[in-house]
């Protein structure tokens, strides 16, 4: 099947990776400028740059999406915030997301061509689950060993109190890590929603990129055509 054999690096996908990497950096810079922070854990920031990574995945495949992820990481190491921790956490998030998207696309494609909604649904579900689980580990070390739990507890105590959650030394770590997972799921769901608007434009699956259709078009069944009514 196309999704198994395609998605590797060639001239067209490398060029596409470069374009989407540049777009990811531009959107990431815009997100930082707008201050799209997660209200409950303000050191977490929503990143519109991931829209470009998602598009790279569905148009060119997993390997080009990974390349774009590493290029965005390199750019954030130069122009980003909280260097090197911020860019490193972003890299972990992107790589785990791409892995989850790939696993979801494999499940959606079992048995042949499927609908775009099924493909997007499985990709979002697995991408969010893998990302949330993987990111728990580096965030644990960030909270406990780098910033320190007392400092994090003091930093986020007021936002959680505003929604009726009281933080104590016994529950602060669990609550912060749980809502960090929620943040990662919301982040992926949001960028998948935006990306889906682009991918569902009727002309997109018929695009020719390097002489071939987009990667996701291999498993998305064309919409059923309603036969015209007999007006006789």
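Every read-out reported here was derived from the displayed coordinates using simple, explicitly stated rules and does not represent laboratory data. Note that this is a predicted model, so its numbers are computed, not measured. Counting neighbours? That spans all protein chains shown, and the Cβs are built from the backbone with ideal geometry, glycine included.
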What distance in nm separates the two pseudo spin-label positions at residue 165 and residue 147, each 7 Å out from Cα along the beta-carbon direction? 1.3 nm
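Could you give the length gained by full extension between residue 22 and residue 198, i.e. 0.36 nm per residue of separation minus their alpha carbon distance, to one decimal place?
Gain on stretching residue 22 to residue 198: 61.6 nm.
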Round to a whole angstrom and tell me the spacing of the C-alpha centers of segment 141-210 and segment 56-107. 16 Å
Using a 7 Å offset from Cα along Cα-Cβ at residue 88, what residues in segment 123-154 end up with backbone N under 11 Å from the label point? 138-139, 141-142, 146
Hey, in the GNM for the chain with a 10 angstrom Cα cutoff, which one of 77, 135, 34 fluctuates hardest? 34
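If you average 1/r across every pair of different Cα atoms in segment 10-88 and take the reciprocal, what Kirkwood value do you get, in Å?
About 12.7 Å, per the Kirkwood formula over Cα pairs.
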How would you rank 147, 141, going from fewest to most other Cβ atoms within 10 Å of each one's own Cβ? 141, 147
Compute the Cα gyration tensor for segment 120-168, then decide on rounded, prolate or oblate, letting a ≥ b ≥ c be the square roots of its eigenvalues: rounded whenever a/c is under 1.5, prolate when a/b is larger than b/c in the other cases, and oblate in all that remain. oblate
What number do you get for segment 1-133 when its Cα radius of gyration is normalised by 2.2 N^0.38 Å, N = residues? 1.06
How would 40, 25, 117 line up from fewest to most surrounding beta-carbon atoms within 10 angstrom? 117, 40, 25
Hey, fewest Cβ within 10 Å first, where do 176, 144 land in order? 144, 176
From the C-alpha coordinates alone, can you work out the Kirkwood hydrodynamic radius of the chain, in Å? 18.9 Å
